[in-house]
Structure formats: structure tokens, C-alpha cells
Amino acid sequence: MPGIEEDLLRDLLLEEVIDLRSNPGYESITQRVKDVKLLRSKVRGTLTSDGLDLSTDWIPSRTLSVVEKVEGDELGSTALEDRGPSIGIGETSGGYSVKIPVSSLDGSLTLILGKKGSGKSHLAKLMVNGLADNGAYVLAFDINNEYIGLVRNKDGSPSRLARKIVLLEPGTTLKFDLRYMGKGVISSVFRNALGLPSVSLRELIRIWNYLEGYGHLSFSSLGDYITRWRTNEMIREALLSRYYTLASTGMIMDSDDGGFSFEDTVAELKEGGIMVVLLAGISPVARRIVVEAMLSKLLELLHSRSIPPMFILAEEAHMYIRETYWEDLVTRMRHYGAFTIFVTNQPDALEDLIYRQADNFFLFSYTNKKDIDLISRLSATDAETLEGVIPTLRRGSCLVIGKATNWLPVVVNVKDTEFESLGRTRLFFQGIRLKSNNQ
Ligand SMILES: Nc1ncnc2c1ncn2[C@@H]1O[C@H](COP(=O)(O)OP(=O)(O)OP(=O)(O)O)[C@@H](O)[C@H]1O
Ligand SMILES: [Mg+2]
């Protein structure tokens, strides 16, 4: 608006003009006019002596107001402090230390988005570490086996939280007892992870009920009876092929003790902890089996209130969580006490629903306009803020918005960790350079 611009310029130059009388210097005035910058800003709320009020319905005086920057400390002390136990994740560019209250993650859906190598996993590690430190339970699906680093410090000594971390490697430290998993979970595995059609599934349940009735239920007898069961040849084939796939993963066992149990693990980790499920190095079908078995058992136990609420950290979840679970995770499972943190570098891998339900966004750098457009369209934040800020973020800096910051957009330089953060991509040429350096 030309009127306002003129007004602003007049005010800006007034001081200079007065000086001019004693010290003529027209160049400086014209220079300032040429250099004038227009700073577009957005009204986010009102800071009063009572704190921050986000519902602003008035506009300050145009002539009498003074425009100045609110420093991180002042904003932080009124808008971000005193919200109970929290997790320190870094600082603002002004040096103000940013802490995320654990209450803002509790009961929430949190998204960590950013392009490759922007620092997402690094922040996710700080977050789960902080949650466990505060006594919460975390189930982390680790697609790159990089959360192993949480157990040791950079100098190799055991980390402070090492005893709170349980590493679960499918087939060795993670095996499921058939009877502990139960009919419901095993059926979900056959149906959802192994793609068993429903006609065959009904037959499987009949065999299960028969074996259970006779007290013969075991993984090996299940295999025997599928072979012997009087049924249509196609159904038998369908059942047998799935059974052998399941058997080949070595994840199902027959034993009353020794298999993985959420209840026992939670009892072991009295003051909270992280269960890291190592998914690298196993086949995609084995991955789907592990995730299906764990999530459906978890849901069953949360539903019957046999275990405390749990945070689920899922990196690149579209690679192993079946689509129908997403909706479940963000709606139904949330009411039972499963709170998800999704981490991904592909914003279009998440459904619109996930964005709409999200309570916290941690947005790292994206340079691709398509990705930025998608995020700003789907998240609750105003598009201008995201479009303006996201491309300017350096590696290790993110824009936080959501319950964690009272819905104020805050740019945080994420701090380094004491523990080994192990996210480095293995490079081909780096190895070669190192070799030649040694020579
Ligand atoms: N705030 C930080 N301070 C120090 N190092 C960092 C920080 N953020 C990231 N890094 C380092 O940068 C590298 C890449 O970070 P990270 O693994 O978190 O990226 P990412 O976004 O998860 O990437 P990808 O999409 O490939 O999984 C890692 O070696 C990590 O330790
Ligand atoms: Mg990562």
C-alpha cells in the first residue's frame, strides 16, 4: 500500500533529515531510500504480562507503535517454558535453548520430515532418548539398524541410557512364541503380512481350534496338520506356502518361555526404555511379518490395558507398515495409548489424513518445490511460513510447529548428541580416499 510505505519512509528518514540541517549529506538519504526493505510479518498472538494470547483480534496503532524483534528468551519464557518435564533438542539462532515438553508428544502424532541427510534420524534419536529418560516406553522400528548407536557414547563407553535399551533382532533376540502371540495375531500375520485369502484363513482357524481343543497347539503341529487336513488342494497349497515362508524366517518358536513378550520387557525396563527392532538385513516379507506381529500384539495388549502406553517410532514406515494400519495408528490405536512418530524423506508417502491429524511437525530442509507445496498444503500451518522458511534451513536445523511450541513456528538448530548417532551413509569414494591418505 503506497500510503503506508510513504509513512514508514517518512518516519525512517525523519531523524536523518533533522541531522541534515547541521550536516548536509543527501547521498545518505537517497541511499537509505534505495535500500529500503519491506519486512512482511504475521500476527501470531499477543504477549501480555499474563503470557501469550494466541487469539489476537486487534491491530496495534500504526502511528504510535514501535516495531522490534522479540528475542528468543522473552518469547520462550512466556510461550514455551513451565510446561513440565521436557527434552532439550537444541537452540534458536539467537542462542535460546529449546525444550520440547514431553506432554506435547504424549497422546500425539508427530511427523519428522526432510530431505535425505538433513538430520531427521538425529533428532528422532534425541527425542526417543529423551522420552526414555523421562520414563516412557518406545518401540522403534529401525530400518537402517542405526539406533544401535544409542547404547554407546562417541568415545565408545556405554551411554547413560544403555541399560534402558533392548535390541531386538528378528530370528535371534526376537522370536515369537506361537501361543503367546495367539490366534488373532497369527491370523493377522497370515492375512496381512503373507497375503492369505480369507477362505484359506478360515481353514487355518479351524485347524488352530482343533489343535487347541486337543491341547496339541504348537508351530510344528500346525505345519503337520496343514499337510494332513482334509481340504481342497488349493487351500492346502495356499496355507502350506505361507507356513513355510513363516517358518523360514525363524521367528516363530514353540516354547513357553524365551520368546519375546511385551509384558516381560516392560517389567524389565521399570523406568522406561527403548525397544529397537532391527529391520535392516532381513527380507521385505520378514519385515512385514515382524511389524504385523508386533503391532497387532501391541494393540491387543494396549486394548486390555496389560501394558502402559507406548510411543512408536517408525522410519520410512511405508516400506513395512501396511496401508490399512496407518489409519488405525493415528485414530484407534491412539486412543488405546500408541503414539506414533513418523520419520520420512518422502512427504508424499504419508496420506493426507496423517497430516491432518498431526500434532507436531519437525520440518527439515527440502529444496524440491513439489515437496514444500505438499507439506504446506497439508499441514495446519500457513503456507507462506513454510514456503519461506523450509528452503533456507541448513543441515541439522528444523522448523518446529505444533503442540511442542504452542503452534508458534520456531527454527531450531538441533544439538549434537553424546551418544553415537551413526547415521552416516556408507560412501564408495570416501573409502578410496581414506585408503590413499594412509599410503
Ligand atoms: N544436529 C546435528 N548435529 C550434529 N550432527 C548431525 C546433526 N544432524 C545430523 N547430523 C549428522 O548428519 C548426518 C545425517 O543425519 P541423519 O542421519 O539424521 O539424516 P536423515 O535426515 O535421517 O537422513 P536419511 O534420510 O538418509 O535417513 C549424520 O551423520 C548425523 O550424525
Ligand atoms: Mg535417517
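Side notes on the structure shown:
- Condition met for GLY88 (within 16 Å of ligand 2 (Cβ to nearest atom) and either at negative phi or assigned to a loop (DSSP other than H, G, I, E, B) (or both)): no
- Taking the listed residues GLY130, GLY135, GLY94, the one that is at pLDDT below 90 and assigned by TED's automatic domain parsing to the domain that holds TRP326 is GLY94, with no other qualifying.
- Residues of the stretch 137-187 satisfying the condition of being within 16 Å of VAL276 (Cα to Cα), among the polar types (S, T, N, Q) and away from ligand 2 (no atom under 16 Å from the Cβ): SER159, THR172, THR173
- Per-region count, the stretch 170-186, residues surrounded by fewer than 18 Cβ atoms within 10 Å (Cβ to Cβ) and not β-branched (Val, Ile, Thr): 5
- Top-ranked residue of the stretch 398-408 - restricted to ones that are away from ligand 2 (no atom under 16 Å from the Cβ) and out of contact with any Asp or Glu (no Cβ under 9 Å at 6 or more places or on another chain), ranked as farthest from LYS115 (Cα to Cα): ASN406
- Considering ALA140, ALA162, ALA124, the condition of being under 26 Å from the mean Cα position of the chain (by Cα), away from ligand 1 (no atom under 16 Å from the Cβ) and not β-branched (Val, Ile, Thr) is satisfied by ALA162 alone.
- Test: residue in the stretch 409-419 that is modelled with pLDDT under 85 and within 16 Å of ligand 1 (Cβ to nearest atom): yes
- Qualifying positions in the stretch 195-249 - surrounded by fewer than 17 Cβ atoms within 10 Å (Cβ to Cβ) and acidic (Asp, Glu): GLU212, ASP224, GLU233, GLU237
- Any chance ALA404 is modelled with pLDDT of 90 or more, of a type in the set (Gly, Ala, Ser) and either assigned to a loop (DSSP other than H, G, I, E, B) or in contact with a Ser or Thr (Cβ under 9 Å, 6 or more places away or on another chain) (or both): yes
Conditions (1) over 24 Å from ILE354 (Cα atoms); (2) in contact with a Ser or Thr (Cβ under 9 Å, 6 or more places away or on another chain); (3) of a type in the set (Asp, Glu), marked per residue:
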position: LYS69; (1), (2), (3): yes, no, no
position: ALA79; (1), (2), (3): yes, yes, no
position: THR92; (1), (2), (3): yes, no, no
position: LEU126; (1), (2), (3): no, yes, no
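- Of the strands (runs of 3 or more DSSP E) entirely within the stretch 303-369, those holding at least 1 residues that are closer than 30 Å to ASP264 by Cβ occupy 310-315, 338-344.
- Residue, farthest from ligand 2 (Cβ to nearest atom), within the stretch 109-124, restricted to residues that are part of a helix (DSSP H, G or I) and of a type in the set (A, V, I, L, M, F, W, C): LEU123
- In the stretch 138-161 there is no residue that is polar (S, T, N, Q), under 15 Å from ILE252 (Cα atoms) and surrounded by fewer than 19 Cβ atoms within 10 Å (Cβ to Cβ).
- Which listed residue is buried (at least 23 other Cβ atoms within 10 Å of the Cβ), within 16 Å of ligand 2 (Cβ to nearest atom) and at pLDDT below 95, from ALA314, ALA293, ALA280: ALA314
The values are calculated or read from the model by the stated rules, or taken from the named source; none is laboratory data. This structure is a prediction, so every number in the text was calculated from the model and none was measured. FYI the Cβ positions are ideal-geometry reconstructions off the backbone, even for glycines, and counts take in every protein chain you see.
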